[in-house]
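A quick write-up on the structure given underneath.
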Amino acid sequence: MTALNAGQFPHARLRRTRQSAFIRDMVRETQLSPEHLIQPLFVAEGDLAGPIASMPGVSRLALAQLVDECRALHALGIKLVALFPVIPQNLKTDDGREALNADGLVPRAIKAIKAAVPELGVMVDIALDPYTTHGHDGLLDARGNVDNDPTVEILRRQALCYARAGADMVAPSDMMDGRVGQIRSVLERDGYKDVLIMSYAAKYASSFYGPFRDAVGTTGALKGDKRNYQMDPANTDEALREVAQDIAEGADLVMVKPGMPYLDIVSRVKREFAMPTAAYQVSGEYAMLRAAIGNGWLDEKKALMEALLCFRRAGADLVLSYYAKQAAQWLREGKA
Ligand code: PBG
């Protein structure tokens with residue numbers, strides 16, 4: 001045994017804490033549980049309900065199905081759902097005014113969920129894209145750019161409309177400047193001081209949103225791209241400035257989006273601000289995983305659970321994932 005006492009070997013064997021399940025379980029640094037997962041759900045008027053081709057396994061739900069799904073999610077330990085409406089073409093306008101309709105699809109959905117499953121948190125997207133004919137998140141100016149300040153004015157009214165319907169959390173996903181502060185002010189003024197704001201603080205102009213735009217029917221309509229309001233994928237310091245601004249304006253939780261290609265941003269944001277931080281495994285990430293799984297190239301459960309755990313390790317307290325329900329089921333089976 002010539003290696004005996006040669007340097008550190010074999011005193012430091014890092015494999016010792018990997019050798020069997022008991023010790024691996026004890027030294028694991030990161031945990032994943034259903035309460036870390038947020039389930040995005042698409043809600044549609046009856047005739048628009050149905051499967052989404054680019055997101056196999058995900059459907060647009062009619063109101064009654066949505067409520068059933070929320071019951072099931074709650075039973076699995078999911079604490080929060082994120083609602084996205086699919087608005088019929090005839091209700092879309094240039095100014096997206098349907099977003100302010102107190103009897104619109106989202107207010108009805110919030111009320112139905114809160115009546116059936118009051119303990120389940122309901123988060124709603126604040127942005128105009130499902131409601132506009134041009135598919136942008138706000139009002140267009142003469143040059144076709146999204147006009148910041150008039151858009152913020154509508155977004156604060158949209159947030160108030162959803163708060164009145166009973167939303168627990170509003171999530172501005174539009175990337176206008178100053179919208180978090182304006183939404184916070186109106187909520188304070190009108191008696192909704194406890195409504196949470198999760199801001200899509202560092203949201204990038206990403207090609208990974210494609211299947212989502214199919215799901216809400218904005219793909220064909222979208223003129224141009226969103227690069228004059230969503231962030232450049234090349235930037236990271238700018239993400240910190242975005243997050244700092246939203247915190248100063250009154251955000252309770254901050255989000256980074258997309259997820260897996262942006263885990264460096266998640267990590268920086270969590271370290272820098274120590275805020276409740278969410279990451280969004282977006283529709284394109286879901287589609288990639290599903291496609292590989294569908295072809296038999298990845299093991300569904302193993303690949304998914306690894307991906308979700310890695311979000312947590314990077315610093316995400318919360319993960320929005322179209323796989324939230326399935327993951328919660330697997331976590332439950334694992335415990336049984
Ligand atoms: C729109 C919005 C988008 C997503 C959430 N809210 C799309 C976009 O910005 O074009 C994307 C979610 C996903 O891809 O899963 N305000």
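Here are a few things to note about the model shown:
- Filtered residues of the range 68-79 (kept if open to solvent by less than 20 Å² (accessible area, probe 1.4 Å) and closer than 18 Å to residue 111 by Cβ): 70, 73
Conditions (1) more than 16 Å from the ligand (Cβ to nearest atom); (2) open to solvent by 20 Å² or more (accessible area, probe 1.4 Å); (3) basic (Lys, Arg), marked per residue:
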site	(1), (2), (3)
233	no, yes, no
245	yes, yes, no
256	no, no, no
268	yes, yes, yes
274	yes, yes, no
282	no, no, no
291	no, yes, no
300	yes, yes, no
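- Scanning the range 150-175 for residues that are assigned to a strand (DSSP E or B) and either over 18 Å from residue 130 (Cα atoms) or touching a His at 6+ places or on another chain (Cβ under 8 Å) (or both) yields one hit, 169.
- Within the range 302-312, if we keep just the residues that are under 20 Å from the mean Cα position of the chain (by Cα) and away from the ligand (no atom under 16 Å from the Cβ), the residue that is surrounded by the fewest Cβ atoms within 10 Å (Cβ to Cβ) turns out to be 306.
- Check on residue 197, more than 11 Å from the ligand (Cβ to nearest atom), touching a residue at least 24 places away in the same chain (Cβ under 8 Å) and either buried (at least 20 other Cβ atoms within 10 Å of the Cβ) or under 15 Å from the mean Cα position of the chain (by Cα) (or both): yes
- Looking only at residues in the range 21-65 that are open to solvent by 80 Å² or more (accessible area, probe 1.4 Å) and of a type in the set (S, T, N, Q), the one that is farthest from residue 85 (Cα to Cα) is 31.
- Of residues in the range 206-224 being open to solvent by 20 Å² or more (accessible area, probe 1.4 Å) and near the ligand (Cβ under 9 Å from one of its atoms), the one modelled with the lowest pLDDT: 222
- The set of residues in the range 109-142 that are over 15 Å from residue 88 (Cα atoms), open to solvent by 40 Å² or more (accessible area, probe 1.4 Å) and out of contact with any His (no Cβ under 8 Å at 6 or more places or on another chain) comprises 111, 114, 115, 118, 141, 142.
- Qualifying residue in the range 208-216 (condition: farther than 18 Å from residue 43 by Cβ and of a type in the set (Phe, Trp, Tyr)): yes
- Restricting the first member to the range 76-87 and to residues that are on the phi > 0 side of the Ramachandran plot, and the second to residues that are among the charged types (D, E, K, R) and not in a loop (DSSP other than H, G, I, E, B), the beta-carbon pairs closer than 9 Å and six or more apart or on different chains are 77/35; 77/332.
- Condition check for residue 238: away from the ligand (no atom under 16 Å from the Cβ), more than 21 Å from residue 123 (Cβ to Cβ) and not hydroxyl-bearing (Ser, Thr, Tyr): yes
- Of the candidates 192, 209, the single residue that is among the hydroxyl-bearing types (Ser, Thr, Tyr) and outside any helix (DSSP H, G or I) is 192.
- Residue identified as away from the ligand (no atom under 12 Å from the Cβ), under 20 Å from residue 188 (Cα atoms) and surrounded by 18 or more Cβ atoms within 10 Å (Cβ to Cβ) among 160, 105: 160
- Failed item in (1) among the acidic types (Asp, Glu); (2) within 19 Å of residue 101 (Cβ to Cβ); (3) out of contact with any strand residue (DSSP E or B) (no Cβ under 9 Å at 6 or more places or on another chain), with residue 141 passing the rest: (2)
The values are calculated or read from the model by the stated rules, or taken from the named source; none is laboratory data. Treat the numbers as computed from the prediction; the structure is a model and nothing was measured. As a convention, Cβ positions derive from the backbone with ideal geometry for all residues, glycine included, and neighbour counts pool all protein chains shown. What goes into the accessible areas is simple: the full protein's heavy atoms, side chains included, and nothing from ligands, DNA or RNA. Shrake-Rupley method; radii C 1.70, N 1.55, O 1.52, S 1.80 Å.
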